[in-house]
1. For the modelled label position 7 Å from the Cα of B:Tyr341 along Cα-to-Cβ, which residues of segment B:239-270 have backbone nitrogen atoms closer than 14 Å?
2. Averaged over A:85-98, how many beta carbons belonging to a partner chain fall within 10 Å of each residue's beta carbon?
3. How many Å² of accessible surface get buried when B and A come together, counting both sides, probe radius 1.4 Å, rounded to the nearest 100?
4. Among A:156-166, B:279-289, B:119-129, B:158-168, how do they line up from the highest to the lowest mean number of other beta-carbon atoms within 10 Å?
5. Under the definition of partner shielding as Cβ atoms of other protein chains within 10 Å of a residue Cβ, what is the mean value for peptide B:29-40?
6. Quick one, could you list the DSSP H helices from chain B stretching 18 Å or more along their long axis (Cα atoms) with average Kyte-Doolittle hydropathy of -1.0 or above?
7. Ignoring ligands, DNA and RNA, what percent of the accessible area of segment A:73-175 is carbon or sulfur (1.4 Å)?
8. Between B:Thr27 and B:His180, what is the label-to-label distance in nm when each label sits 7 Å out along the Cα-to-Cβ direction?
Amino acid sequence: MPDLLETPDVLIRMQADLQRALEKLHQERRWVMVLDLRKCVGCHACTVACVAENKLPPGVVYRPVLEEEFGSYPNVTRRFLPRPCMQCENPPCVPVCPVHATYTNEEGVVVMDYEQCIGCRYCITACPYAARTFDFGRTYTEATAEANGLIVGRSQAEVYERAANFEYGVAHERRGGEESPIGNARKCHFCLHRLSAGMLPACTTTCIGRATLFGDANDPDSLVAELIARPNATRLKEELGTHPRVYYLL
Amino acid sequence: MTLKRLAYVVCLLALAAGAWGLYDRLTYGHQNAAYGSYVVWGLWVAMYLFFAGIAAGSFMLATLDLLFHVPVMRGTGRLALWVALVSLAAAMLSIWLDLGHMERVWKLYLQGAPGSVMAQMVWGYSVFGLLSLVCLILAVARPDGILLRILMIIGLPISLFISGAVGALLGVEASRLFWHVGLLPVQFPVFSVASGVAALLVAIGLFGPRQDPRRAEQLRLLGLATIVLAVVKLYFLWADFSQSTYGNVPQNVDAVNAVLYGPYWWAFWILQLLLGSIIPIIVLLPARLGRSGLVAGAMGVLVLVGFAAARANIVFPALTVPELEALTTAFTGPHLTFDYYPSPMEWAVTAGIAGAAILGFLIGQDWLPLRSKEVA
């Protein structure tokens, strides 16, 4: 029986995998996410981490966790299915975009050019995984009361809400107008801004059950390359020919 | 009060509502819209399909007079072109207001993606609009000129293309089985002709010159066309829904059920089927009624109401079916719902656009030389 205290955390291994991948050329990397459904406990920490990392406003979500209940008493079970963007190799959202605002970058991640997007939402309708949401420009502090004194009220909280996020390595402030990404389709991008800084995606580092695993599938020594070769690895809606880069371990 | 005056008053009221809606839209963006990230397209997209269909269909009908010189349709060409232009303007306004970034619409022209059906459609509509305008000018200035005929010949396939492209816009989406029907781009031109015929029924029946000796026969012909097209339309519906139901693919069946028995059941059974198809078929069948301006015009209005509901019934139900079963409860927040009913702001904007379109039509009819000399 392996000594669990002696076995390094998979985060350590994934961090090492990431460092090796970052030494390669962009086009030689193939980012892949593996979600081990047997380990997911449905804590939603990944969802919250993603919201915090990308400063997602109300109504925008990149990575919900779907909860399903099966069977009847006494044989009942629940399944938790995190659903990031599948980063399809053949993404249905890309060819429909009328202005080239969404495309697959050289690392195989489907990205958004917020300044190019006209907000037609065609890409949202085209995604078979509902992985895109529209930014309606809402804030968590809207319609909340002003408070003076020691209570942190709207004016204080709003400072945080208006502060920039750093998706795609660009500061996107919410200054209260209609500036992008307000009025745009938004989606998970595997935290490219973190990867470029040598950090794993926020959902991966936050996962308490180590159910979210990430790495370069082109590296045969990486954890994800090992996992996606297993017979219990599957992908959502494979019949659509989208070839997702997100795998589920059943 | 004459019918036309009543129409003017209704249009002005609709414009007032539209002004409030427009203020809300421009001040608060999309925040007060009921569509969201799941039901992504709402009333404005449905109305875009509706008005765009009338525009393409009206142009096709204009060719009967200006290109093919069908005797009974003589004198209707300019009117049909004007209907096409005001409908197209309403369609473009409707879809423009739906954009998240209206100010970036120029990108569609200068940085557009040729492979995107939406881009192709926008380019097609732009060419179509310019062509219709030039055709109308020529139809007034040089009705017998060769240039008008050439442009009408060019315009006919373009009008077919743009109406088919609307079907293709939805049809290419394999993720929505309800839309992913190969025949959708074929059906839409038929819908366009049918809605163009209905619009002309209204234009000639309710507001056309009563002294025109051909008016009764024109209405009769358009009425019969309405009946035939309504039957074809019903057949399309039956084919679509029965195949979906027999096929028994859950996502498809759910969408069909949403149309038939869901929250929009009344829009299908009452507006689309009863008012938009069955009553017009019954009323327009007898020749006496079919030749009556008031009756034929009223039936045209009903058919158009049915078409508006039909467009909504194509757009909304497909989007109300979750792509993944548990998505409905996975994450909550504003605009994350699979239920959709247009918000007051959306209704107001649509009312304003419809009012502006009808007002444009009436003003054109009163002030532009849309009638041929012998009729005028």
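The values are calculated or read from the model by the stated rules, or taken from the named source; none is laboratory data. Quick caveat: nothing in here was measured; it's all calculated off a predicted structure. Glycine also receives a Cβ, built like all others from the backbone with ideal geometry; neighbour counts cover every protein chain displayed. Side chains are part of the model used for accessible areas, which takes the heavy atoms of the whole protein and leaves out ligands, DNA and RNA. Shrake-Rupley method; radii C 1.70, N 1.55, O 1.52, S 1.80 Å.
1. Hits in segment B:239-270 for B:Tyr341 at 14 Å: B:262-267.
2. 3
3. For chain B against chain A, roughly 3700 Å² becomes buried.
4. Working: A:156-166: 14.1, B:279-289: 16.3, B:119-129: 19.8, B:158-168: 23.5.
Most protected by this proxy first, the peptides run B:158-168, B:119-129, B:279-289, A:156-166.
5. Numbers: counts 9, 10, 6, 1, 2, 0, 3, 6, 13, 5, 1, 13.
For this peptide, the per-residue mean of nearby foreign Cβ atoms is 6.
6. Answer set is B:3-28, B:43-66, B:77-98, B:117-141, B:146-171, B:184-205, B:215-247, B:293-319, B:344-367.
7. 55
8. Going from the B:Thr27 label point to the B:His180 one covers 4.3 nm.
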